[in-house]
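Participant: Provided herewith is a single structure, encoded as structure tokens, for subsequent inquiry.
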Amino acid sequence: MSRVLIVGAGLTGSLCACLLRRGMPSNTHIVVWDKARGAGGRMATSRSPKDPTCTADLGAQFITATPYYSQKHQSFYEELLAHSILKPLTTPVEGMVIEEDGIRNFITPRGISSIVKHYLGESGAEVFFNYHVTNIYLKDEKWEVCRKSGAPEQFDAVVLTMPVPQILQLQGDLNKSNKTVSAINPTAPIVRLCDFIGAKSLNRKAYVIDRTQRQKLEAVSYSSRYALGLFYEAGTEIDGPWAAKYITNNPCIRFISIDNKKRNLESADTGPAVVVHTSIPFGLEHLEEGKEKVELLILEELARVLPGLPKPVSTKCQKWRYSQVTQAVSESPGQMTIHARPLLVCGGDGFTHSNFDGCTDSALKILDVFKSNLCFLTTLRDKQE
């Protein structure tokens, strides 16, 4: 049995786990680790501490499908629509710019994290939260992966889907030179590991992440912003002609959503929730400040933008240090094969673009790598059995 570790339980990681389950041999053991307390990553849905039925999407707000991706990823959209995870956006969003004819926007009635949870459920993977990866070592044709607490574990293949700067922060053999490297080029877009069987090794030192790869990874950049969720008691009324609104003339606030109204979940039994996203300049200016201080600044500005807004019973301030990719890995390859034997591959929106279709493209590229390397993983499995 081959053990595959996916680091990151966001959209790319969860979909990758699902695709590997559907596309790889049934005895492939898939494990997912995430440092957070729950699934979602930047597709996070938060609950009110006073009422778990009152929820707010603090990350992604909509799923937007262009005509090109509607066709390219048709099966993915159809699956999510069939399970009622996606539904068409029908409520008014003031200031939304439609950049292309035929664009479709979707909402998630059960919260944006329901997409991630669906794919994790379909994957049958073992999922562990509060597992913060710190070090990765190459040992006996396996990866030994260490976390902040708990014993290290070994895997036949590892997929890293966290933001690129967090990949570069990992310690261990990713940032040390190894004694030997294979004669086959591990940086090719898709490397066939069967080609390594019988190949000679070169007795020279090389870094697991080589200089060219590191330069490409270090060039990736992200915007930063804050999100603030405001949760209210049942029966609270928040009036307005829109379900969400883009703000264009405010230095602090860029977007406001009455989240339950956006998702068509207005109910007398559940309180409403309001979500505020800050502008990118505001996020960058206050990036290293405490969230409590930033929350007060956002609330002060919100009172000016929406005077008379009721006082919430609870709030949650979320810092998105890596909000959206502003510069992806050059040529947007969808994945980067860091090491080929054993396999270590990176993916996520840092290798494509920051939306549902970018993460889907990345997960599909990772699946292609695994399929092309199936013969080597099968050899490992046969040795172990």
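Participant: Looking for whichever is in contact with a Gly (Cβ under 6 Å, 6 or more places away or on another chain) and modelled with pLDDT of 95 or more here; the options are S46, S14, S70. Which one fits?
Facilitator: The match here is S46.
Participant: Considering each residue of segment 311-328, count those that are open to solvent by less than 40 Å² (accessible area, probe 1.4 Å) and not aromatic (F, W, Y), and give that number.
Facilitator: 6
Participant: Also, quick follow-up: Can you confirm whether R304 is more than 24 Å from T12 (Cα to Cα) and among the charged types (D, E, K, R)?
Facilitator: yes
Participant: Residues being open to solvent by 40 Å² or more (accessible area, probe 1.4 Å), closer than 17 Å to D156 by Cα and either touching a strand residue (DSSP E or B) at 6+ places or on another chain (Cβ under 7 Å) or of a type in the set (K, R) (or both): count how many of those fall in segment 15-53.
Facilitator: 2
Participant: Of the conditions (1) of a type outside the set (A, V, I, L, M); (2) in contact with a Ser or Thr (Cβ under 7 Å, 6 or more places away or on another chain); (3) crowded, with 16+ Cβ neighbours inside 10 Å, F106 satisfies every one except a single condition; which number is it?
Facilitator: (2)
Participant: Return yes when D140 is surrounded by fewer than 21 Cβ atoms within 10 Å (Cβ to Cβ), among the charged types (D, E, K, R) and farther than 23 Å from G41 by Cα and no when it is not.
Facilitator: It is true that D140 is surrounded by fewer than 21 Cβ atoms within 10 Å (Cβ to Cβ), among the charged types (D, E, K, R) and farther than 23 Å from G41 by Cα.
Participant: Is it the case that T337 is among the hydroxyl-bearing types (S, T, Y), open to solvent by 10 Å² or more (accessible area, probe 1.4 Å), part of a strand (DSSP E or B) and modelled with pLDDT of 95 or more?
Facilitator: Considered against the rule, which asks whether it is among the hydroxyl-bearing types (S, T, Y), open to solvent by 10 Å² or more (accessible area, probe 1.4 Å), part of a strand (DSSP E or B) and modelled with pLDDT of 95 or more, T337 comes out as no.
Participant: Which numbered condition in (1) within 30 Å of L170 (Cα to Cα); (2) crowded, with 18+ Cβ neighbours inside 10 Å; (3) in contact with a strand residue (DSSP E or B) (Cβ under 7 Å, 6 or more places away or on another chain); (4) of a type in the set (V, I, T) is the only one that V116 fails?
Facilitator: Failing condition for V116: (3).
Participant: So if I check each of I136, I184, which one is at pLDDT 95 or above, within 17 Å of I338 (Cα to Cα) and touching a strand residue (DSSP E or B) at 6+ places or on another chain (Cβ under 9 Å)?
Facilitator: Answer to the check: I136.
The values are calculated or read from the model by the stated rules, or taken from the named source; none is laboratory data. These numbers were taken from a predicted model, which means no experiment stands behind them. Heads up, the Cβs are rebuilt from the backbone with ideal geometry, glycines too, and the neighbour counts pull from every protein chain shown. Note: accessible area is taken over every heavy atom of the protein model, side chains too, but ligands, DNA and RNA are not part of it. Shrake-Rupley method; radii C 1.70, N 1.55, O 1.52, S 1.80 Å.
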